[in-house]
Amino acid sequence: MSKYDLRSILFIQECRAEGYSWNEVADEYEKEFGERRSHDTLRMAVINYLPSATVEVEEEEMEMPRAGKREPNPLPAYLMYEPKTYPKPKKEISKGTALIIPDVHWPYADQRAYNLMLKVAQDVPDLREIVILGDWADFYAINSHGKHPKYTQTLVEEISVAREKLEELVIMFPKAKRVFIEGNHEHRLARYIYNNAPDLFGIIDVPTILSLNTLGFEFIKYGPNQKYKVMGSNLYARHEPIGGGTHAANSTVDKAGCSMIFGHIHRIQQYRKVFIDGNDHLAASVGWLGDKNSEVMGYLKNHAQ
Ligand SMILES: [Fe+2]
């Protein structure tokens, strides 16, 4: 291998001045002088020949420490950073939006709040499912707590309003899947029949008198194990919370072990918990749409819409 002379050193410097990287300089050097030199050798040649020369080193050309020479890591292994890995969703999340309607208590609804809810829902472009969360109808005429003299509506009148409002939903959202979750107020009908006309049990029921089949509603019966998977997702809907106490959403997320949305308590609550296995569950009470000034609801101390 020939030694460097002034010509070869100046050639290297000119290449660098033209903006060539050290690897490119090595290529050019080989073309010019017919000898392959590594970029490190060329760099050292310039430094040795011209001690005052400033030799820039591109970051990508810096030598990596060789095996065996590497400094031992000062941190114990357990303190070294490890990128966190997140579990992939087990299934694809359903696309679209569900309209979940909590306790309206027809005909004792807050018409203003209900209309506002409909107005917002009409602006949702991909509304795929309507879930009535229970207590759609009040069934005040057959309640077992006694009746305020101001309210004289018969059961037939109550039911006709509740059915009309269901039809209105069908007309407004004809393409959405429709689900009717039975609440404790609808369950008043079954209780009334048990107590007063047991022979009619199975003949007169909520789906029949509200024409749910005709209107295309899937009916989810009231009971301790009641649940419906909203749009096939991991969010379950039911009328009542599973847990009680001051914060029903908190106790429900503990007891349910899954995400859950519910009505019944007429309050707005939300609680989220991440469990030890990394599963993230949410429980939400979504308020109600009934008339809080109605004496029909006089047995409840507070409500939130
Ligand atoms: Fe209710």
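Results, tabulated for the structure shown:
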| item | result |
| --- | --- |
| Restricting region 133-159 to residues that are touching a helix residue (DSSP H, G or I) at 6+ places or on another chain (Cβ under 8 Å) and among the aliphatic types (A, V, I, L, M), the residue that is nearest to the ligand (Cβ to nearest atom) | Ala137 |
| Qualifying residue in region 228-250 (condition: free of Cβ contacts under 8 Å to residues at least 40 places away in the same chain and among the basic types (Lys, Arg)) | yes |
| In region 101-132, residue nearest to the ligand (Cβ to nearest atom) [restricted to those that are surrounded by fewer than 21 Cβ atoms within 10 Å (Cβ to Cβ) and of a type in the set (A, V, I, L, M, F, W, C)] | Ala113 |
| Yes/no for Leu200 being modelled with pLDDT under 95, surrounded by 17 or more Cβ atoms within 10 Å (Cβ to Cβ) and either away from the ligand (no atom under 16 Å from the Cβ) or in the same structural domain as Pro102 (by TED's automatic domain parsing) (or both) | no |
| Matching residues, region 238-271, being surrounded by fewer than 17 Cβ atoms within 10 Å (Cβ to Cβ) and either assigned to a helix (DSSP H, G or I) or within 13 Å of the ligand (Cβ to nearest atom) (or both) | Asp254, Lys255 |
| From His187, His145, residue being modelled with pLDDT of 95 or more, closer than 27 Å to Phe262 by Cβ, in the same structural domain as Val286 (by TED's automatic domain parsing) and not β-branched (Val, Ile, Thr) | His187 |
| Among (1) closer than 23 Å to Trp106 by Cβ; (2) without any contact (Cβ under 8 Å) to a residue 12 or more places away in the chain; (3) away from the ligand (no atom under 16 Å from the Cβ) - the single one Ile209 does not satisfy | (2) |
| Region 168-185 residues that are within 16 Å of the ligand (Cβ to nearest atom), paired with ones that are charged (D, E, K, R) and in a strand (DSSP E or B) (beta carbon under 9 Å, 6 or more apart) | Phe180/Glu218; Ile181/Arg238 |
| Single match in Val170, Val161 (criterion: surrounded by fewer than 18 Cβ atoms within 10 Å (Cβ to Cβ), in a helix (DSSP H, G or I) and in contact with a Phe, Trp or Tyr (Cβ under 7 Å, 6 or more places away or on another chain)) | Val161 |
| Single residue of Glu82, Glu92, Glu129 found to be among the acidic types (Asp, Glu) and modelled with pLDDT of 95 or more | Glu129 |
| Scan of region 272-293 for residues that are away from the ligand (no atom under 14 Å from the Cβ), out of contact with any Lys or Arg (no Cβ under 8 Å at 6 or more places or on another chain) and of a type outside the set (A, V, I, L, M), ordered by number | Arg272, Lys273, Phe275, Asp277, Gly278, Asn279, Asn293 |
| Verdict on Lys175 being closer than 25 Å to Gly96 by Cα and out of contact with any Leu (no Cβ under 6 Å at 6 or more places or on another chain) | yes |
| Pairs with Cβ under 7 Å, 6+ apart, first in region 20-40 and in contact (Cβ under 8 Å) with a residue 24 or more places away in the chain, second part of a loop (DSSP other than H, G, I, E, B) | Ser21/Glu58; Trp22/Glu58; Glu35/Met1; Glu35/Ser2 |
| Lone qualifier among Asp103, Asp135 - being touching a Pro at 6+ places or on another chain (Cβ under 9 Å), at pLDDT 60 or above and part of a loop (DSSP other than H, G, I, E, B) | Asp135 |
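The values are calculated or read from the model by the stated rules, or taken from the named source; none is laboratory data. These numbers come from a predicted model, not from an experiment. With ideal geometry, Cβ positions are generated from the backbone for all residues, glycine too; neighbour counts draw on all protein chains shown.
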